[in-house]
Amino acid sequence: MSIYKNNFLNKLHNQWLSLFRHGLLPPAQCVLCGGDGRQGICDACQLALPWLDIALCPRCAMPSNNAQICAECHHNPPAFTHTLAAFAYQTHVAQLVPAGKFGERWSLFALLAQISASHYRIGSRPDCLVPMPLHASRLRERGFNQSMEIAQVWQRELGVPVQPDLLQRIRDTSHQTQLDVAARARNMRRAFQASPNARGLHIVLVDDVMTSGATLHVAARTLLRAGARQVDAWVLARTL
């Protein structure tokens, strides 16, 4: 991210957050180019976002011929049934997500969730949204849960309730970005605990970025073992 963009995002953060949380219009400036942007990102920059408009595997949201189940999901199906992702984790989205997560600009997640909300109106309506939980120590360190910020916007826009109490993070694991695929799976073992209230529900797990899918797989498996009827994954962005 350029120094200009970093400083611009930082300057807009407090103004955007105050307006958004009070239900008012976001600042009429684009967080990417500084031009007019009544939704926080101008029309031109919204069009330039890396929208996932290619054929994808319905199970894992990786590119797939004719939008069929991919070979990997045939051989090693994840615990979640469907995945929806609005963006590829590239270009502007790959700038905004780290700026939001590690720069304490959590309002950027609400902005991306607002812009992408219509993407998640397809398919059957789930019973609830469950934001991917952070361990208590990680939540204290970061000060917010980006998945909760996203889920709260989608709750308002899509009319699906958020039920964060259905899944807890009971083990503080290493950052997944530091690990290879096999290590990610080992790292997540026994990381979550599900509520018995998950029984019989169609649950959507909400997260910011899906990389290998290991964390979402373990979370979904935990909910299914607690009796959930079906678990899907809705993420802002997918690493391709």
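The values are calculated or read from the model by the stated rules, or taken from the named source; none is laboratory data. Please read these numbers as outputs of a predicted model, since none were measured by experiment. In this analysis, Cβ positions are derived from the backbone assuming ideal geometry, glycine residues included, and neighbour counts consider all displayed protein chains. Just so you know, the surface numbers come from the protein's heavy atoms only, side chains and all, with ligands and any DNA or RNA stripped out. Shrake-Rupley method; radii C 1.70, N 1.55, O 1.52, S 1.80 Å.
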message = So, in the stretch 142-158, exactly how many residues are open to solvent by 40 Å² or more (accessible area, probe 1.4 Å) and either under 20 Å from Gly123 (Cα atoms) or over 15 Å from the mean Cα position of the chain (by Cα) (or both)?
response = 5
inquiry  = Contact list please: Cβ distance under 8 Å, first residue in the stretch 73-96 and in contact (Cβ under 8 Å) with a residue 40 or more places away in the chain, second residue surrounded by fewer than 19 Cβ atoms within 10 Å (Cβ to Cβ) and basic (Lys, Arg), pairs at least six apart or on different chains.
reply    = Ala79/Arg221; Gln95/Lys5
query = Going through the stretch 215-227 one residue at a time, which ones are over 19 Å from Glu149 (Cα atoms) and either crowded, with 24+ Cβ neighbours inside 10 Å or within 11 Å of the chain's Cα centre (by Cα) (or both)?
reply = Ala220, Leu223
request  = Within the stretch 202-240, track down each residue that is touching a Lys or Arg at 6+ places or on another chain (Cβ under 6 Å) and of a type in the set (A, V, I, L, M, F, W, C).
outcome  = Met210, Ala214
message = Which residue is nearest to Val97 (Cα to Cα), if the candidates are limited to the stretch 195-214 and must be assigned to a loop (DSSP other than H, G, I, E, B) and open to solvent by 30 Å² or more (accessible area, probe 1.4 Å)?
response = Thr211
key: Subset of the stretch 58-101 [within 30 Å of Gly227 (Cβ to Cβ) and among the basic types (Lys, Arg)]   = Arg59
request  = Answer with yes or no whether Gly143 is at pLDDT 95 or above and small (Gly, Ala, Ser).
outcome  = no
query = Phe87 passes all but one of (1) closer than 21 Å to Pro164 by Cβ; (2) of a type in the set (Phe, Trp, Tyr); (3) in contact with a Ser or Thr (Cβ under 9 Å, 6 or more places away or on another chain); which number fails?
reply = (1)
